[in-house]
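Down below is the structure, laid out as structure tokens.
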Amino acid sequence: MRNYSFYFLMICFLISCAEPQARKPINETKISFLKGSVQRNKDIIKKQQNQFKKIIARDSTLDYKASSTGFWYAYLVSSDERVLPKRGDLVRFNYKIEDLDGTVLYDEMELGTVKYLVDKEELLPALREAVKILSVNEIATFLFPSYLCYGYQGDDEKVEINQPLRFKIKLISHSIKN
């Protein structure tokens, strides 16, 4: 019995001194999937931007402006007073959501009035960006790419997967933080 324990200890000792095994290479299928995903997203964004350009070209009555985050907007009612909400300000606004053809998906009555502390609360990225460019009583229409709205998931009700949307937003009030 003693002989076996000696051999067992020797084998354990020799195994523990073995050199570490090299790591396996990075999975190529994962890399190709990620590259494909990036390309799919670029294609979706390009397609949506082309849709926006067609809408803007058809609607010559409004002066659309491009934002730095990829959406377009035009004022329906503008104000000479340009006091814009900043981080921590409390705003109240109404909005409705339409598809790009103008079909109302959610109206103001369904959505209600939203109270929002700018950049301090969770809110749809599209709305977070939009309220920062409106003054009180201004109304604007926004063309939002899907990545600022409901993205690749949709809302499981009326908004489809990767659906760009048109929002009409009215800023009702703006309380400046002290």
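Out of the residues in region 138-158 meeting the condition of being more than 20 Å from residue 38 (Cα to Cα) and modelled with pLDDT of 95 or more, tell me which one is farthest from the chain's Cα centre (by Cα). Write out each step before concluding.
From region 138-158, those more than 20 Å from residue 38 (Cα to Cα) are 138-143, 155-158; that's our starting set.
With the extra rule that they be modelled with pLDDT of 95 or more, the set shrinks to 138-143.
Values: 138: 24, 139: 22, 140: 19, 141: 18, 142: 14, 143: 13 Å.
Result: 138.
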Practice task
Would you please list the contacts, defined by Cβ atoms under 8 Å and residues six or more apart or on different chains, that run from a residue in region 150-178 that is touching a residue at least 40 places away in the same chain (Cβ under 8 Å) and within 14 Å of residue 111 (Cβ to Cβ) to a residue that is of a type in the set (S, T, N, Q) and surrounded by fewer than 14 Cβ atoms within 10 Å (Cβ to Cβ)?
Solution key: 172/113
Exercise for the section: Quick one: residue 98 ticks every box in (1) within 18 Å of the chain's Cα centre (by Cα); (2) over 20 Å from residue 66 (Cα atoms); (3) not hydrophobic (A, V, I, L, M, F, W, C) except a single one, so which number is it? Expected result: (2)
Handout entry: Single residue of region 130-178 satisfying the filter (farther than 14 Å from residue 73 by Cα and among the aromatic types (Phe, Trp, Tyr)) that is surrounded by the most Cβ atoms within 10 Å (Cβ to Cβ)
Key = 150
Problem - region 118-128, subset in contact with a helix residue (DSSP H, G or I) (Cβ under 7 Å, 6 or more places away or on another chain) and either in a helix (DSSP H, G or I) or polar (S, T, N, Q) (or both), residue surrounded by the most Cβ atoms within 10 Å (Cβ to Cβ) - result: 126
Completion exercise
Taking region 76-99 and keeping residues crowded, with 16+ Cβ neighbours inside 10 Å and over 24 Å from residue 176 (Cα atoms) leaves 96, 97, 98
Exercise for the section: Please indicate, with yes or no, whether at least one residue in region 98-113 is of a type in the set (Ser, Thr, Tyr) and under 23 Å from residue 53 (Cβ atoms). Expected result: yes
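One line per residue, one yes/no per condition, for (1) touching a helix residue (DSSP H, G or I) at 6+ places or on another chain (Cβ under 7 Å); (2) outside any helix (DSSP H, G or I):
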residue	(1), (2)
130	no, no
141	no, yes
155	no, yes
158	no, yes
163	yes, yes
172	no, yes
177	no, yes
Fill in the blank from the handout: Of the conditions (1) surrounded by 15 or more Cβ atoms within 10 Å (Cβ to Cβ); (2) not in a loop (DSSP other than H, G, I, E, B), the single one that residue 115 does not satisfy is (1)
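The values are calculated or read from the model by the stated rules, or taken from the named source; none is laboratory data. Just so we're clear, the structure is a prediction, and the values are computed from it rather than from any experiment. FYI the Cβ positions are ideal-geometry reconstructions off the backbone, even for glycines, and counts take in every protein chain you see.
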